[in-house]
Amino acid sequence: MNLTQKAMLGVSAVAMATALTGCGQSTSYPRTAQPTDSQCKDWEWDSSQGVYQCDDSSSSYYRHYYYGNSYYSSRSALQKNSSYSTYKSSISSKTSSGFGKGSSISGG
């Protein structure tokens, strides 16, 4: 593959990624490193809550949310934490949304 083909492949990849980003979806990216707590060996990022959730079915904390070095058994328990509420409002204002949201094209 010559240099021109590599460059065109790179440009195409960037164009595709840009097009997919602009689909009107909100995305929350992990703002913290994945926990290394020994009570859970498998973590999943919950973008709607902005925290990690234990996905280790052998753990007593399975499906618990993890924030501020503590486990929360439910969303409501997590949301009662005032520090989490401040954090959540800070990430809500920084989520990205796609361009073109609200526009439509109709043919006829």
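Every read-out reported here was derived from the displayed coordinates using simple, explicitly stated rules and does not represent laboratory data. None of these values were measured; they are calculated from a predicted model.
Which whole-Hz ³J(HN,Hα) couplings does the range 30-37 yield from phi under the Karplus relation 6.51 cos²θ - 1.76 cosθ + 1.60, θ = phi - 60°, glycine and proline marked x?
Calculated HN-Hα couplings, in order: x, 9, 10, 6, 4, x, 10, 4 Hz.
Out of residues 5 or more away from residue 43 or on other chains, whose amide H comes under 5 Å of its own, with H placed 1.01 Å from N in the peptide plane?
Sorted by chain and number, the residues that satisfy this are 55.
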